[in-house]
Amino acid sequence: MNLSQYLDGNRFPLTSRPWLPPRQQIDHDAADLDSLREYLAGGVTPTADQWARLAELEEKAAARSGLIDQFGDLDPSGQ
């Protein structure tokens with residue numbers, strides 16, 4: 001997955017934040033995934049929305065390390 005696909009709001013409608021710069025979106029997704037996993041580990045029954053968010057975030061997580069290498073061309077603010 002390339003950065004454009006990662007940021008695609010049609011592909012990831014529940015987790016995309018179009019107002020965030022790319023690096024901040026990746027950081028936000030990582031934090032959201034950690035929080036959601038921790039919440040679900042507490043024994044709650046996930047809602048359909050939570051399952052869908054988890055699926056999006058896990059798909060994004062699988063691509064994350066390869067995408068971070070693409071940030072060499074970005075300024076320090078991640079834009």
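Restricted to the range 1-14, and to residues that are assigned to a helix (DSSP H, G or I) and touching a Lys or Arg at 6+ places or on another chain (Cβ under 8 Å), which residue is nearest to Arg64 (Cα to Cα)?
Tyr6
For the range 21-54, give me each residue that is more than 14 Å from Leu67 (Cβ to Cβ) and of a type in the set (A, V, I, L, M).
Ala31, Leu33, Leu36, Leu40, Ala41, Val44, Ala48, Ala52, Leu54
Among the residues of the range 15-35, is there at least one that is loosely packed, with under 12 Cβ neighbours inside 10 Å, of a type in the set (S, T, N, Q) and not in a helix (DSSP H, G or I)?
No, there is no match, as no residue in the range 15-35 is loosely packed, with under 12 Cβ neighbours inside 10 Å, of a type in the set (S, T, N, Q) and not in a helix (DSSP H, G or I).
Read-outs: derived from the displayed coordinates by stated rules, not from any lab. Note that the coordinates shown come from a computational prediction; the quantities given were computed from them, not determined experimentally. Cβ coordinates were reconstructed from backbone atoms using ideal geometry, including for glycine residues, and neighbour counts include every protein chain displayed.
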